[in-house]
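Any read-out appearing in this document is the output of simple, stated calculations on the displayed coordinates, not a laboratory observation. Model, not experiment: these values are computed from the prediction. Note that each Cβ is placed from the backbone with ideal geometry, even for glycine, and that neighbours are counted across all protein chains shown.
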Amino acid sequence: MKARIKWSKTGVLKFIGHLDVQRYFHKAMMRAELPVSFSKGMSPHQIMSFAAPLGIGMTSEGEYVDVSFDWCYSSQEMLDRMNAVMNEGISVLEFKQINEKEKNCMAVTAAADYLVDFRKGYYYTDAFLKRTEPFYFQEQIQILKKTKRSEKEVDISPMILAIREQDEQIFMRLVTGSAENLKPQLVMEAFCNYLGYDYEPFAFQYHRLETYLKKDGELLPLGAVGRDVPNAILPDDVEGNV
Amino acid sequence: MNNLALIDEILLKIEKPVRYIGHEVNSVIKDPEKVDIRFAMAFPDVYEIGMSHLGMKIIYEQMNRRDDVWCERVFSPWVDLDKVMREEKIPLFALESQDPVFMFDFLAITIQYEMCYTNILQLLDLAQIGIYAKDRREDAPFVIGGGPCTYNPEPLAPFFDMFYIGESETVYYDLMDIYKEHKAQGGSRQEFLKKAAQVPGIYVPSLYNVTYHEDGTIASMEPNCPEAPKTVLRQVQMDLDNTFYPEKPLVPYIKVTQDRCVLEIQRGCTRGCRFCQAGMVYRPLRERSLSMLERVAENSLKATGNDEISLSSLSSSDYRHLPELCNYLIDNFRSKNINIALPSLRIDAFSLDVMSKVQDVRKSSLTFAPEAGTQRMRDVINKGLTEEVILHGAEEAFKGGWNKVKLYFMMGLPTETEEDMKGIAHLCEKVAMHYYKLDSQYRNGRVSVGASCSFFVPKPFTPFQWASMCEEEEYTRRAHLVNDEFKAQHNRRSLSFKYHDAKTTVLEGILARGDRRIADVIYSAYKKGCLYDAWTEYFHYDRWMEAMEENGLDYHFYTTRERSLDEIFPWDFIEIGVTKEFLKREWNNAMEEKVTPNCREKCSSCGASRFGGGVCHESKNQME
């Protein structure tokens, strides 16, 4: 069976990179002694796929990973067993079964919500909070995007789906995914340019709230295509295992 | 618990911030108000190296088992953070509490290799507790050294308050008890050092005076107070079953060098290779029981979620329960997709069978450590491996599907001749020839025979402690000679030859057999910017040589000089178990190319039987 697991990353664990998060989950599954499915072949590995990687330094309460299991307990019990072996800082929040045909969460990720907080000592916060609307409603938001090979001016305004003040922080919804992706850091850099400030990369603290897929033109949390598992799914019940 | 010693701006600017934040699974957190002793355990190299070290995990387990002690970890900040900490005067901190090390009661530093000596000075410097022990304030932590390099602690003596000579399991608790009592009573630093000096195995260097002859050799080394014993007895844990072992090891977030559970199956070695310090200083051989190792394997895999487990020891093939242990691991863990990493084993039917079960034969390589190219040279070093055994083992392996072989050699061994050097290439050629002579059904493409060569560094407490080293140019000349010989072989395209850096070898030689005067050289080198000398990109040989000169020392005294058999060595005050008489006998046997049998064949009365157990008393137990 295929499961979509929602998880959060907070506190000092924000310094752990994406590859290390993957290793962390592999080991956590082993500690919890859960029946994760392994790939076949000479060096079998856990069948696991993560949604949009979170940059080092960012926290999140809306991360997802798809994991295949040979069988599983109920959603609640899976969560309990995982959380029992997790560290303070990474917790699993939702465990849902998804269809075997469902594309993995990496492939379907379309957008993500972020909250941007201000670190003390860099900027006058109100300058940002009061001008989110005019910043958003510009016709174009040009920014120099650096890739490994080139630098080019791009207009990021179509990739900003929403931006507004929220509790003295900045909320933004950005296009996210493997095809098109906008990092919140780039938006804040553009915002600084707009305000005529030098961009200070350490001035902002980013927190991801939710990650979305697009279904029939509508953005839904990645977990929305899954269903709760009320009772254990034993090996015999699993599709294809019969 | 989310208060880190470093602010986000620093952590986001440096490489791998995870090295400095602690919070790993199975790390031990205690309430600092509820413990009596804060104990910082440091490994003077970067996190990924230090976190792979078993000894440190044992001490972490041992110390934290006491409710009154909180043992935390410290590693060398990498060069990027080192710079920031100096600029911003951030004191060295421990990972668990993130508290500055200067608040601690002890800073224990494990000293695993000579090339980490400048990193030790970095730790002391960043901790802001004085690099030299004499400059340390009354309330500074006691700096205590341990590990293999403390079998000659003298080059580091002025930097440490004390050294723990031997295995941690035996007297650390005694030392902690004495400290607790001392702290409660209130007393001076000096008073505690004198109490500590009375604990067996504890060496307090400031309580000894060393005098020198005019030629620079040692005239005497004497205690300068009644509390310090004339000699210091190495500590040995005889019962390796009922003792401390990490069954819930830490789980690092980043990939460390040894990202797996480790089973130390035995300590010590019976083989008596004359160049090998570990083989002498860890005598006698002591095995762990199968039942204990099975329990540790089960518990540590479950507690970590690691997907690999490895066996660790010297000469692992000598472990008597090896087949049972391997079968246990294969039967219980292969089905859970856990890898079993084998140590290098003697190649025979058993090991080939086990290896084919746990690794991909096509990808893995076979390892032999003949150490020398000719039988004569192998007799000198007492390496029992014969050409016949190597060739037979290789043939069996080729038939089993392997076609990659690695061989380890040393150059610059005592009495080495040109023939011995060329013998390295010849032996590799013979291994390759054996492959090509096989029936085609056993062959799968070209064979790959890789020779890796290091230069011999004489170490204290080995029969070769009297040996002279070569000049750097001579090592390089010899390496070129061997390389040319490889090029002249018929199967040269199947052979490869790599050798270590000769400059590192010379410096290791200076530090390994150095005396107290070398300490100032280490200090000067550190002040010139030497750090992470074990990392080639940061190794500055020229600065070290300048430091030698500035301190008025000639490196030849430590490297190429001939030593007489009655010279007093800086490390002679340590009683290691093996006697100096035995080492002399072995040195003479080496010169006469005479082989000494291993402990299980015949006891050679090395002196280790005084510890009252292990292999020395095996046969007696069996007869009972």
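Over all directions, average the projected area of the Cα convex hull of the range B:27-67 and note it in nm².
About 3.1 nm², averaged over all directions.
Which value, in Å to one decimal place, does the Kirkwood hydrodynamic radius take for the range B:428-581 when every pair of different Cα atoms is included? Numbers along the way, then the final one.
Details: mean 1/r = 0.0540 Å⁻¹.
In the range B:428-581 this quantity evaluates to 18.5 Å.
Give a residue-ordered list of calculated ³J(HN,Hα) values for the range B:232-249 (Karplus: 6.51 cos²θ - 1.76 cosθ + 1.60, θ = phi - 60°; whole Hz; x for Gly, Pro).
10, 8, 4, 7, 10, 8, 7, 9, 8, 8, 9, 7, 6, 8, x, 9, 10, x
Which log10 I(q)/I(0) values does the range B:268-393 give at q = 0.12, 0.16, 0.18 Å⁻¹ under the Debye formula, counting every alpha carbon as one identical point scatterer?
These q points yield log10 I(q)/I(0) values of -0.54, -0.91, -1.08.
Mean separation of Cα pairs under 8 Å and 6+ residues apart, divided by the residue count of chain B: what relative contact order is that in percent?
Relative contact order for chain B comes out at 14 percent.
Any idea how far apart residue A:93 and residue A:199 come out in nm if each label point goes 7 Å out from Cα toward Cβ?
Each label point lies 7 Å from its Cα, and together they span 2.8 nm.
Just want the ordering: A:234, B:322, from fewest to most Cβ atoms lying within 10 Å of their own Cβ.
With the fewest neighbours first, A:234, B:322 line up as A:234, B:322.
In whole angstrom, and with the biggest value first, how far do the Cα coordinates of chain B range along each principal axis?
77, 64, 61
Using only C-alpha atoms and all pairs of different ones, pull out the Kirkwood radius for chain A in Å with one decimal. Don't skip to the answer; put the middle values down first.
Numbers: mean 1/r = 0.0513 Å⁻¹.
Computed over chain A, the radius equals 19.5 Å.
Ignore the peptide's own chain and count Cβ atoms of other chains within 10 Å of each Cβ in B:16-23; give me the average, rounded.
Average neighbour count from other chains, rounded to a whole number: 5.
Taking the Cα atoms of the range A:185-226, report the difference between the largest and smallest coordinate on each principal axis, in whole Å and largest first.
44, 20, 10
For the range A:1-111, what Kirkwood radius comes out of the mean inverse Cα-Cα distance, in Å?
With all distinct Cα pairs of the range A:1-111 included, I get 14.3 Å.
In whole Å, how far is the Cα centre of the range B:395-433 from that of the range A:98-176?
That distance is 61 Å.
Can you give the FRET efficiency to the nearest 0.05 for residue B:332 and residue A:227, using r as the Cβ-Cβ distance and R₀ = 25 Å?
My answer for the efficiency is 0.10.
Within the range B:540-569, what residues put their amide N at less than 13 Å from the label point 7 Å along the Cα-to-Cβ vector of residue B:79?
Within reach of a label on residue B:79, which here means backbone N under 13 Å from a point 7 Å along Cα→Cβ, the range B:540-569 contributes B:540-541.
Quick one: order A:63, B:214, B:222 by neighbouring beta-carbon count within 10 Å, fewest to most.
B:214, B:222, A:63
From zero outward in steps of 10 Å, how is the percent of C-alpha pairs of the range B:496-624 spread across the bins?
Over the range B:496-624, the share of Cα pairs per 10 Å bin runs 10, 28, 24, 23, 12, 2, 0 percent.
Which FRET efficiency value, to the nearest 0.05, is calculated for residue B:501 and residue A:171 with the Förster distance at 45 angstrom and r the Cβ-Cβ distance?
Working from the Cβ atoms, E equals 0.20.
Can you give the FRET efficiency to the nearest 0.05 for residue B:88 and residue A:124, using r as the Cβ-Cβ distance and R₀ = 22 Å?
0.25
Determine the gain in length on full extension of the stretch residue B:562-residue B:3; use 0.36 nm per residue of separation and subtract their C-alpha separation, reporting nm with one decimal. Numbers along the way, then the final one.
On the way: separation 559, 0.36 × 559 = 201.24 nm, distance 5.65 nm.
Extra length available between residue B:562 and residue B:3 comes to 195.6 nm.
For the pair residue B:617 and residue A:144, how long in nm is the line joining their label points, each one 7 Å along Cα→Cβ?
For residue B:617 paired with residue A:144, the spin-label model returns 7.6 nm.
Please provide three numbers in whole Å: the alpha-carbon extents of the range B:72-124 along the principal axes, with the largest listed first.
28, 26, 15
Can you show me the helix-derived [θ] at 222 nm for chain A, built from DSSP H runs with n ≥ 4 at -39,500 (n - 2.57) apiece and divided by the number of residues, rounded to the nearest 500.
When only DSSP H runs of four or more count, the value is -6000 deg cm²/dmol.
What do you get for Rg/Rh over the range B:323-392 if you use C-alpha atoms and the Kirkwood form of Rh?
Looking at the range B:323-392, the ratio lands at 1.08.
What angle do you read, to the nearest 10 degrees and between 0 and 90, between the alpha-carbon axis of helix A:75-85 and the longest principal axis of chain A?
Helix A:75-85 sits at roughly 80 degrees to that axis.
Mind putting together the pair-distance distribution for the range B:409-448? All Cα pairs, 5 Å bins, whole percent per bin, short to long.
6, 21, 23, 14, 11, 11, 8, 6, 1
So how do A:147, A:10 line up by other beta-carbon neighbours within 10 Å, fewest first? Write out the running numbers ahead of the final one.
Values: A:147 7, A:10 15.
In order of increasing Cβ crowding within 10 Å: A:147, A:10.
What is the helix-to-structure angle for B:290-304, meaning the angle in degrees between its Cα long axis and the longest Cα principal axis of chain B, kept from 0 to 90 and rounded to the nearest 10?
Relative to chain B, helix B:290-304 is tipped by roughly 70 degrees.
Can you give the Rg to Rh ratio for the protein assembly as shown, taking only C-alpha atoms and Rh from Kirkwood?
On the way: Rg = 30.5 Å, Rh = 30.6 Å.
For the protein assembly as shown, the value is 1.00.
Taking Cα centroids, how far is the range B:185-230 from the range B:544-561 in Å?
26 Å
In terms of modelled amide H atoms, which long-range or inter-chain residues lie less than 5 Å from the amide H of residue B:218?
Those lying under 5 Å, H to H, from residue B:218 are B:213, B:568.
Using only the Cα atoms of the range B:199-325, what semi-axes does the equivalent ellipsoid have when each is the square root of 5 times a gyration tensor eigenvalue? Give whole Å, largest first.
38, 19, 16
Would you mind classifying the range A:74-142 by shape? Square roots of the alpha carbon gyration tensor eigenvalues, ordered a ≥ b ≥ c; an a/c under 1.5 is rounded, otherwise it is prolate if a/b is larger than b/c and oblate if not.
Oblate shape, in that a/c is at least 1.5 and b/c is the bigger or equal ratio.
Please give the net charge around residue B:493, taking every other residue with its beta carbon less than 11 angstrom from that of residue B:493, where Lys and Arg add +1 and Asp and Glu add -1.
Here the count lands on +3.
Any chance you could list the semi-axes, whole Å, largest first, of the equivalent ellipsoid that the Cα gyration tensor gives for the range B:188-228, using √(5λ)?
25, 10, 7
On full extension of the chain, what length is gained from residue B:437 through residue B:242, given 0.36 nm per residue of separation minus the C-alpha to C-alpha distance?
Fully extending the segment from residue B:437 to residue B:242 adds 65.0 nm.
Non-local amide H neighbours of residue B:406 (under 5 Å, H modeled in plane, Pro and chain starts lacking H): which ones?
So residue B:406 has HN proximity to B:366, B:367, B:368, B:450.
How would you classify the range A:109-220 from its alpha-carbon gyration tensor, with a ≥ b ≥ c the square roots of the eigenvalues: rounded for a/c under 1.5, else prolate if a/b is greater than b/c, otherwise oblate? Walk me through the intermediate numbers first.
Details: a/c = 1.66, a/b = 1.23, b/c = 1.34.
The shape class here is oblate.
Label points 7 Å out from Cα along the Cβ direction at residue A:234 and residue B:198: separation in nm?
About 6.9 nm, to one decimal.
Which of the three applies to the range B:361-514, rounded, prolate or oblate, going by the alpha-carbon gyration tensor with a ≥ b ≥ c and a/c under 1.5 meaning rounded?
Judged from the Cα gyration tensor, the range B:361-514 comes out prolate (a/c at least 1.5, a/b above b/c).
Nearest 10 degrees, 0 to 90: what angle lies between the long axis of helix A:18-31 and the longest principal axis of chain A (Cα atoms)?
The helix A:18-31 is inclined about 30 degrees to chain A.
Output ³J(HN,Hα) for the range B:543-552: one whole-Hz value per residue in order, computed from phi by the Karplus curve 6.51 cos²θ - 1.76 cosθ + 1.60 with θ = phi - 60°, and x for Gly and Pro.
Result, rounded to whole Hz: 5, 5, 5, 4, 4, 4, 4, 4, 9, x.
Read phi for every residue in the range A:133-146 and hand back ³J(HN,Hα) as whole Hz from Karplus 6.51 cos²θ - 1.76 cosθ + 1.60, θ = phi - 60°, with x for Gly and Pro.
5, x, 4, 5, 8, 5, 5, 9, 10, 7, 8, 7, 9, 9
More than 14 angstrom separation, counting every C-alpha pair in the range A:166-242; what % is that? List each step's numbers first, then the result.
Numbers: 2191 of 2926 pairs.
Summing the P(r) of the range A:166-242 above 14 Å gives 75 percent of all pairs.
Note down the Stokes-Einstein diffusion coefficient of the range B:359-423 in µm²/s, whole number, using a Kirkwood radius over alpha carbon pairs, 10 °C, and 1.306 mPa s.
The diffusion coefficient I find is 125 µm²/s.
Report Rg(Cα)/(2.2 N^0.38 Å) for the range B:8-233, keeping two decimals.
1.02
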